[in-house]
Amino acid sequence: MKYIVSQISFFLTSSSTRRNTRLLFKFVLMLFFIVSLFSFLFHIIMLYEGREFSIITGFYWTLTVMSTLGFGDITFASDLGKTFSIFVLLSGIFFLLILLPFTFIQFFYAPFLQSRQQFRAPRELNKNVSGHIIITNYDSVTSSFINKLKEYDYKYVVLSSDVQQANELFDSEISVVYGDVDDPKTYIAVNVEKSAMVVATGNDRTNSNIAFTVREICSKVMIVTFAKSRDAVDILKLAGSDFVLQLDKMLGAALSRRVSIGKGRANPVGNFDKLIIAESPVIDTGLAGKTLRKSMIRQHTGVNVIGIWERGSFSLPNPDTMILKSTVLVLAGTKKQIASFDKHFHSLKKESTLVIIIGAGTVGLAAAKQFKEREIDYRIIERDPEKVKNVSNIIIGDASDINVLEKAGIKAADACLITTNDDDTNVYLTIYCRRLRPDIQILTRANLEKNFSTLYRAGSDMVMSYTNIGADAIFNLLNKGNIILIAEGLQVFSVLAPETLKGKCLSESDIRSQTGCSVIAIKNNSDVNLNPMPETLINKADEIILIGTSDSQKIFMEKFV
């Protein structure tokens, strides 16, 4: 009932509705005048024929003729009367059968349906909803984030200040509430005080307004915002943001850490207490061409290889898995063990190294900063000199020009980062660089997920995007200590030892073969058994830490929990 009343109220208070109602009212008045005029002329002509009828009869005859019913109980005898009847009949066809329905539909019924359409998306959230995530902007990052929330049964709501977008999201079965993102009433309507997190991924000014508005209402809720510029970070924190994420910087850093040259190291991507999850490309480590068994990584360093990335595809390794030059190892170990891995394998780097970065945007410059800190020589190719006035190691020119690439050192480079903001350009340059240097490591930025496979086919060794980086970062903040998303579809997660596994050793549990998950640690109170041996027993109070894909986790939960 409240919904219907609000619809009618909105419909009647609309300025266009009031205008249309006035036009419809004027048309009805005109019809009344025409009917009255025809009724008056009816009486005049009947008097001419020598007959007389009541006023009601005049209106009755006029309406029956105009509506084409024509009962035939009252007719004219003279030609004048018959001519008048024809004129009234034609007028009725035009005004009552054509113009009146059109006017009613155009000025009343259609606007009413439109107002109902505008109310498809709700204006508030159920008051009983709590522990949900409020998303203030719907884009590729939040779309990916929502998919992760659905996967783990988190409640969420998207705010939209655009009626059409809100209705489209509602029709797509996405939880949405229509309201202005800078209005405190909107956040009260979505139970912000009971929520777990507010996510703002719009522009810097809008995000600061959202953070400030939310913080005025609720001092406890976690606020996560995105920042385009470095200057906005401090402002967003002052406005009330708990975490400010710079996707350009994060994407540049993520691309750079996949390049294993110079003073290389395994790059941490997350941790569970003392357990560190890290990634390490194997280029120039001396591991390429060996199986895991022959590499003896665990025997030398204590680090456990828990996964392998090969051209964007993740797999769980076995002792006979071959390590290729393009392989990226996913490692698990303590800080000391990871340092031992770096010392043992990354000390094999050759002295002269060079990385080419194509594109001097925020992503490319962020990657360059990381290389500078690692003392890796790099060259940035940029065709717009205005963008790089105060940037060092710049080559001005078009990267599709062989002379520009040769000037940058493509023939001697160890790796090439393609970071432009256009996927078509990135595909083109990936193909070109791969043809020029079949042995070079190529890492590419993608803006749309649909282009991932295309870029891999073009020759890229690794493809990364804002979408996955941003969604994973937000999700990891939401699930501190429970789940770490390493990459799209891959996570490290922890569960309390299920009843079905208590008292069994790892080899007996057969977790890996049945689910595809791999146990990387067992935690008992403050003690953590990193990289447990197959004969390790699972006790009642243990917490098991595993790695696997989202599908593998579902299988594990179904089989054992």
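Taken together, the values in this text are just the output of simple stated rules run on the coordinates, not laboratory data. The model shown is predicted, which means the values in this text are computed figures rather than measured ones. When we count neighbours, we look across all protein chains shown, and the Cβ atoms used for this are built from the backbone with ideal geometry, even at glycine.
Before moving on, here are some points about what is shown:
- Per-residue ³J(HN,Hα) for region 42-56, Karplus 6.51 cos²θ - 1.76 cosθ + 1.60, θ = phi - 60°, Hz, x for Gly and Pro: 4, 5, 4, 5, 4, 5, 4, 7, x, 10, 9, 10, 6, 4, 4
- Each residue in Asp79, Asp542, Asp414, Asp171 was given a count of other beta-carbon atoms within 10 angstrom of its own, and listing them fewest first yields Asp79, Asp171, Asp542, Asp414.
- Glu386-Ser315 pseudo-label distance in nm [points 7 Å out on the Cα-to-Cβ vector]: 4.9
- Dipole of the chain, positive direction: furthest Cα of Phe53, Tyr109, Gln337, with charges on the beta-carbon: Gln337
- Calculated Rg and Dmax of region 355-468 using C-alpha coordinates, Å: 12.9, 36
- Most simply put, the chain has about 55% antiparallel DSSP beta bridges, counting only bridges with both residues inside it.
- 30 Å Cα-Cα threshold exceeded, pairs from Lys343/Lys372; Lys150/Lys335; Lys325/Lys411; Lys127/Lys274; Lys220/Lys249: Lys150/Lys335; Lys127/Lys274
- Added length on full extension, which subtracts the Cα-Cα distance from 0.36 nm per residue, Ile74 to Met533: 154.6 nm
- Each of Asp342, Asp472 has some number of other Cβ atoms within 10 Å of its Cβ, and from fewest to most they run Asp342, Asp472.
- For semi-axes √(5λ) of the Cα gyration tensor in Å, the candidate list reads [x] 44, 25, 23; [y] 70, 30, 22; [z] 40, 30, 24; the entry that matches the value derived from this model is [y].
- Seen against the Cα atoms of the chain and their longest principal axis, helix 204-217 is set at about 80 degrees.
- Ranked Cys517, Cys218, Cys416, criterion: other C-beta atoms within 10 Å, fewest first: Cys218, Cys517, Cys416
- Among beta bridges that DSSP assigns inside region 391-546, antiparallel share in %, nearest 5: 70
- Per-selection Kirkwood Rh - region 489-560 (Cα, Å, 1 d.p.): 12.0
- Nearest-0.05 FRET efficiency for Lys343 and Glu508, computed from C-beta distance (R0 30 Å): 0.25
- Compactness relative to 2.2 N^0.38 Å, alpha carbon Rg of region 133-245: 0.99
- Taking the helices alone, the chain has a mean residue ellipticity at 222 nm of -12500 deg cm²/dmol, built from -39,500 (n - 2.57) per DSSP H run of at least 4 residues and averaged over all its residues.
- Note on region 133-245: with charges restricted to the Cβ of Lys and Arg (+1) and Asp and Glu (-1), its dipole about the Cα centre is near 380 debye.
- With one equal scatterer per alpha carbon and no solvent term, the Debye-computed log10 I(q)/I(0) for region 74-152 at 0.13, 0.18 1/Å reads -0.71, -0.91.
- The trypsin sites (Lys or Arg not before Pro) of region 417-463 include none that meets both conditions, a loop assignment by DSSP and at most 15 other Cβ atoms within 10 Å of the site Cβ.
- Pair-distance profile P(r), taking every C-alpha pair of region 265-348, with 5 angstrom steps and integer %: 3, 16, 30, 29, 16, 5, 0
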